[in-house]
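Please treat every number below as a calculation from the coordinates, not as lab data. Here the structure is a predicted model, which is why all the values come from computation and not from measurement. Please note: Cβ atoms are built from the backbone with ideal geometry, for glycine as well, and neighbour counts cover all protein chains shown.
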Amino acid sequence: MSGDLKVALVGNPNTGKSTLFNLLTGLNQKVGNFPGVTVDKKTGFCKLPDGRNAEIIDLPGTYSLYPKSKDETIVFEVLADTNSPSHPDLIVIVADASNLKRNLLLYTQVADLKIPVVIALNMMDLARKAGTEINLDELSARLGVQIVSICARKGENVDALKEAIAYAPATPLQADTIEVEVLAPGLISKIQEEILVDKPYTALQYAHQHENLSFLSPTQSDRIEEIEKEFSFHSSKAQAAETIARYNFINDILFDTVKFKAEAENESISNRIDKVLTHKIGGFVIFFGILFLIFQAIFAWSEYPMTLIENLFLWLTDSAHKVLPEGALTNLLVDGVLAGLSGVLVFIPQIAILFAFISILEDTGYMARVTFMMDKIMRKVGLNGKSVVPLIGGLACAVPSVMSARTIENWKDRIITIMVTPLVSCSARLPIYTLLISLVVPDGKVLGIFSLQGLALMSMYVLSMVSAVFVAWVMKFLIRSKEKGYFIMELPVYRMPRWSNVGLTIYEKVKAFVFEAGKVIVAISIVLWVLASYGPPARQKAIEQKYSSQEMLKSYSAEELEAMKSSEKLENSYAGVVGQAIEPAIKPLGFDWKIGIALITSFAAREVFVGTMATIYSVSNNDATEDSVRDKMRDAKNPETGEPVFTFAVGLSLMVFYAYAMQCMSTLAIVYRETKSWKWPAIQLGYMTALAYFASLLVYNLLK
Amino acid sequence: MKLSQLEAGQSGIIKEFTDLEMSVKLMEMGCLPGEPIVVERFAPLGDPMAIRVSGYQLSLRKNEASTIILH
């Protein structure tokens with residue numbers, strides 16, 4: 001589907017731009033990528049009052065066209081490149097009326113690109129409460145653009161905005177803002193002539209940003225560089241002069257169009273909340289309280305829906321075995337596909353709860369305060385206050401968290417954050433921990449109230465956080481950078497979360513998880529089932545012959561025979577052969593070849609571990625399909641010693657291994673995309689695997 | 001007087017900057033010469049600080065604040 005009109009939403013962060021995007025497009029939206037870069041491109045469609053269909057593009061929030069972080073570079077790129085498939089016919093500037101001056105800076109820059117523009121002025125109610133009276137007609141006349149006052153939060157006046165979009169002029173009518181040519185006399189017209197740019201301000205931006213603009217050819221970029229030398233162009237000085245000129249222009253207009261009443265009372269609401277939430281001691285207590293609540297919720301609230309999903313799959317497996325004819329295809333479907341699917345879908349409740357919390361914390365403005373409180377500590381260990389968001393997000397999944405590190409402007413801070421985020425215990429480790437803890441940690445209470453298993457789980461999370469901080473501190477000394485780190489960040493006023501936004505976020509994340517991770521897990525489950533069910537023909541034939549011999553049939557019952565046969569068959573399957581090949585390497589950690597298979601398959605994604613265990617144990621004892629994986633693992637005996645395989649030492653060693661090992665291909669892939677080099681994912685894979693191996697070795701040998 | 005030398009609750013008016021790179025970023029965020037600034041609070045560990053400038057709250061580190069000279 002393509003629209004009749006392309007409309008780009010541009011605005012500062014925290015202006016309600018995303019809410020407006022959701023209002024305009026509803027569920028009719030999709031997330032893709034801008035060509036060549038990994039910046040999320042959110043697009044959707046909106047039916048206009050004149051019957052046309054507008055394609056709405058939500059560009060990343062930015063304070064100016066001069067990018068400070070990776071995401072922001074896309075804004076100018078899309079607006080300047082007329083050949084870009086996302087280049088808009090119309091720009092809607094979403095501006096916060098309660099913070100008009102700073103919001104208009106971006107407007108004046110965008111206006112000078114000479115693309116038709118409409119202003120959607122949001123949060124007029126807040127501005128009014130703060131004692132600001134804006135003369136919209138006068139402001140609109142002075143800027144030469146149509147201004148529609150909206151309230152995105154309540155969904156008010158969106159129809160008026162749609163009308164403004166539909167009937168917006170096709171040519172730019174906005175008034176000129178500042179005199180651009182005087183900022184770099186001669187240089188601008190020369191770039192205009194040689195690179196064939198018709199707008200002076202676009203030419204000036206080329207001078208500032210040409211190195212990062214993908215649509216300019218290397219020859220063009222080099223030529224701009226030469227012109228800059230010729231006119232001794234100084235980027236920072238020119239930018240400073242431009243910003244001052246723009247604010248002068250804005251102040252002049254605001255002086256005539258906006259009346260401020262004396263100090264208003266209302267802004268102190270946010271202030272009063274801040275006094276509590278960023279209090280010296282109380283602030284941290286509340287922060288850790290919230291984290292604790294999130295953990296409790298992830299476990300407590302998800303229990304019921306997870307059991308429901310598990311039971312559904314048990315029933316499906318059971319019915320499938322009853323209804324479908326026996327054979328290899330049925331086995332593949334049930335033990336391969338269904339087992340794999342249940343492994344994915346069972347995580348949905350936990351992922352939904354975690355993302356609900358994260359999106360509420362961000363939406364209310366609390367996350368910015370956490371960043372503010374933690375910056376000093378984070379800086380000490382080589383991170384940045386803004387690293388808190390990816391690290392907390394890492395509790396859900398490292399993949400979106402590594403992407404969210406883009407908001408960190410400083411390169412070194414960002415790289416270290418990306419390198420340690422996968423150490424944070426993600427939701428894929430959760431089922432592994434839950435399974436192993438219930439196997440090896442007794443179900444008792446400490447001090448009468450704390451469950452022993454719960455404490456064990458919490459220790460794994462503490463271990464992950466401590467490790468992430470420690471590794472970051474080490475890397476601080478290893479990674480060199482000349483760039484100065486800085487932390488200039490808006491603290492938005494507190495607001496109630498917008499539940500529809502929270503709902504949409506959950507929906508998007510769960511969908512991404514089910515489809516992205518699901519594909520991998522189901523594929524691996526199928527491959528694994530094949531590898532575990534078939535083996536080198538000569539060996540398999542020998543087993544068949546051995547168990548059909550008269551001698552065997554006499555000395556064992558049919559049931560015993562069946563169990564022995566299937567376990568020997570697994571041992572001699574392709575998976576078994578591979579598992580046994582790596583057994584010498586993992587034996588010192590307490591792992592046998594069956595665990596070895598799980599380690600290999602879960603290299604693609606950790607959550608495959610449980611599925612692999614399920615597949616291996618359901619292949620090896622065919623009769624007990626209704627048993628849970630846990631029971632099967634508990635019954636597993638070491639064939640040499642007759643002792644249980646999963647002892648306390650093995651369980652803990654395995655948990656520690658999963659805590660550190662880089663068992664996630666998606667994370668490696670995203671780190672490659674984000675750092676644009678294989679160097680960083682390679683280092684990450686190396687250090688994490690080494691850490692995992694030696695930590696497991698230590699744990700196993702201390703406990704065995 | 002540098003901005004970083006103010007206590008919570010104190011205010012001042014921006015005169016100039018000592019660091020060009022930093023000034024570009026600060027000015028974009030509304031910290032312009034002539035603009036009044038109020039220090040609202042410090043983070044629990046004493047750094048960064050939160051200031052009110054052109055009608056909103058901005059947080060910045062003390063060493064960044066030390067590049068802002070007040071009248």
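Hey, what's the per residue convex hull volume over the C-alpha atoms of chain A, in cubic angstrom?
On the way: hull volume 134.8 nm³, N = 704.
Cα-based convex hull of chain A, divided per residue, equals 192 Å³.
In nm, to one decimal, how far is the modelled label at A:ALA175 from the one at A:ALA512, with both set 7 Å along Cα→Cβ?
Taking the simple label geometry, A:ALA175 and A:ALA512 are separated by 4.2 nm.
Only four residue types carry charge here, +1 at the Cβ of Lys and Arg and -1 at the Cβ of Asp and Glu. Report the dipole size of region A:5-166 about the Cα centre in Debye, rounded to the nearest 20. List each step's numbers first, then the result.
Values: 18 positive and 18 negative charges, 63 e Å.
In debye, rounded to 20, region A:5-166 gives about 300.
Could you check the spin-label model distance between A:ALA538 and A:PHE288? Points 7 Å from the Cα along Cα→Cβ, value in nm.
That separation, rounded to one decimal, is 6.3 nm.
Which whole-number percent gives the relative contact order of region B:3-70, counting Cα pairs below 8 Å spaced six or more residues apart?
So the answer I get is 41 percent.
Kindly identify region A:98-164 as rounded, prolate or oblate by the Cα gyration tensor criterion: order the square roots of the eigenvalues as a ≥ b ≥ c, call it rounded if a/c is under 1.5, otherwise compare a/b with b/c, prolate if a/b is larger, else oblate.
oblate
Taking 0.36 nm per residue of separation and subtracting the Cα-Cα distance, what length does fully extending A:LEU196 through A:GLU560 add? Working shown, then result.
Values: separation 364, 0.36 × 364 = 131.04 nm, distance 8.30 nm.
Extra length from A:LEU196 to A:GLU560 when fully extended: 122.7 nm.
For A:LYS569, give me every one of the lysines with a C-alpha distance below 27 angstrom, ignoring sequence neighbours fewer than eight places off in its own chain.
Candidates past the 8-residue exclusion: A:LYS322, A:LYS541, A:LYS546, A:LYS554, A:LYS587, A:LYS594, A:LYS632, A:LYS637.
Take the Cβ-Cβ distance between A:LYS380 and A:ASN638 as r, set R0 to 56 Å, and report the resulting FRET efficiency rounded to the nearest 0.05.
Plugging the Cβ-Cβ distance into 1/(1 + (r/R0)^6) gives 0.75.
Separation between the A:SER236 and B:THR18 pseudo-spin-labels, each 7 Å from Cα along Cα→Cβ, expressed in nm?
For A:SER236 paired with B:THR18, the spin-label model returns 1.4 nm.
Once fully extended, how much extra length lies between A:ALA160 and A:VAL31, figured as 0.36 nm per residue of separation less the alpha-carbon to alpha-carbon distance?
Going from the current span to full extension adds 43.8 nm.
Apply 1/(1 + (r/R0)^6) to the Cβ-Cβ distance of A:ASP222 and A:PHE260, taking R0 = 60 Å, and write down the FRET efficiency to the nearest 0.05.
0.75
Residue-wise, which Karplus ³J(HN,Hα) couplings in Hz belong to region B:51-58, taking 6.51 cos²θ - 1.76 cosθ + 1.60, θ = phi - 60°, and x for glycine or proline?
10, 9, 9, 5, x, 8, 9, 10
What value does region A:5-166 have for Rg/Rh, both radii from Cα atoms and Rh as Kirkwood defines it?
In region A:5-166, Rg relative to Rh is 0.94.
Against the longest principal axis of chain A, how steep is helix A:200-209, in degrees 0 to 90 to the nearest 10, with axes from Cα atoms?
Long axis of A:200-209 versus the principal axis of chain A: about 40 degrees.
Dividing the Cα convex hull volume of chain B by residue count, how many Å³ per residue is that?
Given the Cα convex hull of chain B, per-residue volume reads 70 Å³.
If you place +1 on the Cβ of every Lys and Arg and -1 on the Cβ of every Asp and Glu, how big does the dipole about the Cα centre of region B:3-70 come out, in debye to the nearest 20?
Computed charge dipole of region B:3-70: roughly 140 debye.
Quick check on chain B: helices-only [θ] at 222 nm, where DSSP H runs of length 4 and up contribute -39,500 (n - 2.57) each and the sum goes over total residues. Nearest 500, please. The partial results should precede the final answer.
Details: 2 runs with 13 residues, N = 71.
Calculated mean residue ellipticity at 222 nm is -4500 deg cm²/dmol.
Could you go through region A:454-467 in sequence order and give the Karplus-derived ³J(HN,Hα) for each residue, using 6.51 cos²θ - 1.76 cosθ + 1.60 with θ = phi - 60°, rounded to whole Hz, and x for Gly and Pro?
Values per residue, Gly and Pro as x: x, 5, 4, 5, 5, 4, 4, 5, 4, 3, 5, 5, 4, 5 Hz.
Is there a quick way to get the dipole size of the protein assembly as shown? I mean about its Cα centre, with the Cβ of Lys and Arg at +1 and of Asp and Glu at -1; what is the value in debye to the nearest 20? Please list the in-between numbers first.
Details: 73 positive and 80 negative charges, 322 e Å.
Using only the charged Cβ atoms, the result is roughly 1540 debye.
With unit charges on the beta carbon (Lys/Arg positive, Asp/Glu negative), name the residue among B:SER4, B:LEU45, B:TYR56 whose Cα is farthest towards the positive pole of the charge dipole of chain B.
The residue sitting most towards the positive pole is B:LEU45.
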